[in-house]
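These notes concern the structure reproduced below.
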Ligand SMILES: [Zn+2]
Ligand SMILES: [Zn+2]
């Protein structure tokens, strides 16, 4: 099958990200194009090389053709005869994305990501950098700081708290450029003993905070039983929910990431905890499976859902197609129904 990329898309300043979105849109439509076709003579030199290079990343080839339809906007492409509409339905907020400050980032730029996402029709793009990435060094992804009170005290004694001040300064400098549809926060973990890994002066100044369990400080994953692990995980979720967070990020992700069975028997318990804390449950498809049953429990408890692309690369910003599929599976298939249950900042 061929992916037809019209001139209107290829000549857009966002073109290389839109090519990626077109491939994703085709896949969500259940189509698997293996070759891109561009209008003859549309791209030359470096631009033609770059497109072929982008296609190679997706395992696709690229050729010129005379049968590419004319696009009415930069946001349309075709997979075979199927029209791919790249813009999202109105009213969706992407409440979780990273920035160039993330160690786990793979080439994301805040301004580029915001520009892309907003142009796709996302109502609000929010950036929520890992607080630990702002406080600790480039080996922070090993999570040793969770058990290293001395290192935490050392960083927190510095008024700039390592890169926290620089992150705030960057946000201040881009806010006037990006406007109200872009929001800023932090994704915050726990230290050992359930302490929130956030300096007292860093609670303020954000649109909101999200909480996440990426690691559990006192767990040796090689030896712990499932039952014991579930207990400690639930304890940490409870500790996060006692903090002023607006969203619980990727709620059950810990288990599949450690190749443990997801404790589905805890779906109701966690949904009730979220309801009591007034915290939204995040639908996050960044390397995560669909957890429709959990979100169904959340809805039946009256818990709000939130959508997060968890973008670590610019091109992932506003990737909410999988989220829409989950919402559809939950019966939230219209803007009106979504507005009643999905967190929005607009
Ligand atoms: Zn996370
Ligand atoms: Zn994240």
query: Does region 253-268 contain at least one residue that is surrounded by fewer than 17 Cβ atoms within 10 Å (Cβ to Cβ), under 20 Å from residue 93 (Cα atoms) and free of Cβ contacts under 8 Å to residues at least 40 places away in the same chain?
result: no
- prompt: Going through region 101-129 one residue at a time, which ones are over 21 Å from residue 18 (Cβ atoms), touching a residue at least 60 places away in the same chain (Cβ under 8 Å) and either in contact with a strand residue (DSSP E or B) (Cβ under 7 Å, 6 or more places away or on another chain) or more than 13 Å from ligand 1 (Cβ to nearest atom) (or both)?
  reply: 101, 102, 126, 128
message: Looking at region 317-332, can you tell me whether even one residue there is within 15 Å of the chain's Cα centre (by Cα), within 16 Å of ligand 1 (Cβ to nearest atom) and in a loop (DSSP other than H, G, I, E, B)?
response: yes
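Here's the yes/no breakdown for (1) touching a residue at least 24 places away in the same chain (Cβ under 8 Å); (2) in a helix (DSSP H, G or I); (3) touching a helix residue (DSSP H, G or I) at 6+ places or on another chain (Cβ under 7 Å):
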| residue | (1), (2), (3) |
| --- | --- |
| 91 | yes, no, yes |
| 145 | yes, yes, yes |
| 154 | no, yes, no |
| 162 | yes, no, yes |
- prompt: Is region 123-137 home to any residue that is surrounded by fewer than 19 Cβ atoms within 10 Å (Cβ to Cβ), closer than 30 Å to residue 192 by Cβ and within 16 Å of ligand 2 (Cβ to nearest atom)?
  reply: no
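From 240, 190, 186, 234, grab the single residue that is in the same structural domain as residue 113 (by TED's automatic domain parsing), more than 22 Å from residue 269 (Cα to Cα) and either in contact with a helix residue (DSSP H, G or I) (Cβ under 7 Å, 6 or more places away or on another chain) or surrounded by 19 or more Cβ atoms within 10 Å (Cβ to Cβ) (or both).
Details: 240 fails: more than 22 Å from residue 269 (Cα to Cα); 190 fails: more than 22 Å from residue 269 (Cα to Cα); 234 fails: more than 22 Å from residue 269 (Cα to Cα).
Criteria check complete, one pass: 186.
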field: Residue that is surrounded by the most Cβ atoms within 10 Å (Cβ to Cβ) [pool: residues in region 280-312 that are within 16 Å of ligand 2 (Cβ to nearest atom) and part of a loop (DSSP other than H, G, I, E, B)]
entry: 309
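The values are calculated or read from the model by the stated rules, or taken from the named source; none is laboratory data. What you see is a predicted model, and the numbers here were worked out from it, not measured in a lab. Cβ sites come from the backbone with ideal geometry, for glycine too, and all protein chains shown count toward neighbours.
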